[in-house]
Every structure is written in structure tokens, then in C-alpha cells.
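The values are calculated or read from the model by the stated rules, or taken from the named source; none is laboratory data. Owing to the predicted nature of the structure, the values given are computational and were not obtained by experimental measurement. Positions of Cβ are backbone-derived with ideal geometry, glycine not excepted, and every protein chain shown enters the neighbour counts.
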Amino acid sequence: MKLSKKIFLGSIAGILILGAGFSVSQQLKSTPITAATTSNNNTLKLVHGAYVYNKKGRRLKKYCGSWSNTHLRKGTNVQYSGTIQPIEKDSKQYYLLNDDNYNQSWLPYKKIKGKYYYSIGHGGYINAANVNEIDGQPL
């Protein structure tokens, strides 16, 4: 192959690679902005990877019609079902660390086979020990 053809093909390959790089970087910048706006609205943030369980404490093989929904990765935000309720001070429950030390609150959870689980709706539960934040407030 002639040198001019090699240079021409190399420049086309370079342009294609740079074009793909710009489109990927633009997509990555737009995704976290949408996730950040919904992070404080009924969400649990995971500190460890978590599996989805049923009301009997058994791991689900499918959740919401998919196998991939049964394992949730560290750092993901998951929608929960229920409402945050006030509790007494110095309670033995998982509670939210608010700035106000006198008014503490908690998200009700369910005890199944000696472990505590938060309900995420559609018959799914997540182990409470895997949750780091609720609505942006640490546990």
C-alpha cells in the first residue's frame, strides 16, 4: 500500500475515534445531572452490593420481570415504599441523623428471620445493613 493511502486511512480512523470520544463524554456528563435531581426523593443509597428478597427472606430470582434487577450494586439509589416517621430519642432502631438532635426520624422496616429489611415495593425488600443514606441523610 502506498504511503499516501496509509496516511489517508490513518487520518480517517483518527477522526472516527475522536468523534466517538466526544459523543461518549457528552452522554456521561448528562446522566449524573438527572440522577442528582432525584437523589433526595424517596431513595435509599446502598453502601454495599445488595440482593432483593421477598417477604419470607428468600432471594428473588426475578424482580420486576428481569434477572438483572435482583442484584443492586454499591452506590446505587433505590426507590423505597413507605414514609419517614418520627421516633423517640435514643431509640434502638436505625434512624436518620438529622441536624436536630431532639427530633429523630426513621423509615419503618420489617424483621424477617432475625434480619431487618426495607421495602422497595413490588414485593421486594433490601437488607437494612446495606443502606447508607435515606433521602440524602446518613443512618
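Numbers for the structure displayed
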quantity: Verdict on S105 being over 24 Å from G49 (Cβ atoms), buried (at least 16 other Cβ atoms within 10 Å of the Cβ), free of Cβ contacts under 8 Å to residues at least 60 places away in the same chain and assigned by TED's automatic domain parsing to the domain that holds R59; calculated: yes
quantity: Residues satisfying the stated conditions in segment 55-82, i.e. touching a residue at least 24 places away in the same chain (Cβ under 8 Å) and of a type in the set (D, E, K, R); calculated: K55, K56, R73, K74
quantity: Scope segment 50-80; condition exposed (fewer than 12 other Cβ atoms within 10 Å of the Cβ) and either among the hydroxyl-bearing types (S, T, Y) or touching a Cys at 6+ places or on another chain (Cβ under 7 Å) (or both); matching residues; calculated: S66, S68
